[in-house]
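A.B. asks: Can you keep this structure in mind? I'll have questions shortly.
The values are calculated or read from the model by the stated rules, or taken from the named source; none is laboratory data. Quantities reported herein were computed from a predicted structural model and do not represent experimental measurements. When we count neighbours, we look across all protein chains shown, and the Cβ atoms used for this are built from the backbone with ideal geometry, even at glycine. Accessible surface areas use protein heavy atoms only, side chains included; no ligands, DNA or RNA. Shrake-Rupley method; radii C 1.70, N 1.55, O 1.52, S 1.80 Å.
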Amino acid sequence: MTQLIFASNNPHKVEEIQSAIGNMVDIVSLKQAGMEIEIPEPHDTLEANASEKSQTIYKLTNENCFSEDTGLEVYALNGEPGVKTARYAGDTVDTGKNIEKLLGNLGGIGDRRARFRTVISLIYEGKEYLFEGICEGQIIDHKRGSKGFGYDPVFMPSGSKRTFAEMDTVEKNVFSHRKKAADRLVLFLQEYII
Ligand code: IMP
């Protein structure tokens, strides 16, 4: 079976990616690979940050690997927080403060449209390939639900009356940006590799 290291320390992302990809690829998390490394995200695009993460792991392991970077893009805020999604409210990642700042900045604004965008960077036999997944939706005005992570309690995908935080992973996968990007990765692997 094809084995890929997934360059993420986020257990939620690992679970979602595992569930999205199923059992056709053996996904090895950084933890499982015995790597304790915090990979920087210094760039101003999701593509460049995803690339940085997969290139870092590839240089260290010389193994096939992939990473993902995700941003929340709010239309009325000109695409913010975007690449700053994790550190919207400051350098320390604080999800509660990030959501508070987002709801504050959207106060009194009627246009609540937003989208999650995920970029996966795959490095396979030394070559890099990028895959994108987008989930359109809206930011509601208070938190709902306790599942998931990050901005899930305030993000309601188009076509649902529930937030991501009110869905389990399988339900979130019906709409999810990460699942869509993962589907493209799987299609690519099926077509060209496996
Ligand atoms: P990164 O891709 O690890 O840089 O994630 C950026 C930020 O986006 C993190 O702080 C997460 O809180 C948030 N985020 C990423 N994916 C999701 C998601 O699927 N739901 C909610 N928030 C997310």
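A.B. asks: Would you work out what percent of the accessible area of the chain, with all protein chains in place, is carbon or sulfur (probe 1.4 Å)?
C.D. replies: Its accessible area is 47 percent carbon and sulfur atoms.
A.B. asks: What are the lysines whose alpha-carbon lies under 24 Å from the alpha-carbon of residue 53, with same-chain residues fewer than 8 places away excluded?
C.D. replies: By straight Cα distance, residue 53 reaches 13, 31, 84, 127, 179, 180.
A.B. asks: Taking the 0 to 90 degree range and rounding to the nearest ten, how far is the long axis of helix 95-105 tilted relative to the main principal axis of the chain, both from C-alpha atoms?
C.D. replies: Roughly 50 degrees between the two axes.
A.B. asks: A further question on this structure: Give me the accessible area per residue for segment 2-192, probe 1.4 Å, as a whole number in Å².
C.D. replies: 49
A.B. asks: Further, regarding this structure: Among 32, 1, 92, whose Cα projects farthest towards the positive end of the dipole of segment 1-153, with charges put on the beta-carbon of Lys, Arg (+1) and Asp, Glu (-1)?
C.D. replies: 92
A.B. asks: What is the distance in Å between the Cα centres of segment 112-169 and segment 57-75?
C.D. replies: Value for the Cα centre distance between the two parts: 16 Å.
A.B. asks: Quick one: go through segment 72-105 and flag any residue whose amide nitrogen is under 11 Å from the point 7 Å out along the Cα-to-Cβ line of residue 143.
C.D. replies: Under cut-off, by backbone N: 95-100.
A.B. asks: Once you keep just the Cα pairs under 8 angstrom separated by 6 or more residues, what percentage relative contact order results for the chain?
C.D. replies: Once divided by the residue count of the chain, the mean separation gives 19 percent.
A.B. asks: Going out from 0 in 10 Å bins, what whole percent of all Cα-Cα distances in segment 2-192 drops into each bin?
C.D. replies: The percentages, shortest bin first, are 9, 37, 36, 15, 2, 0.
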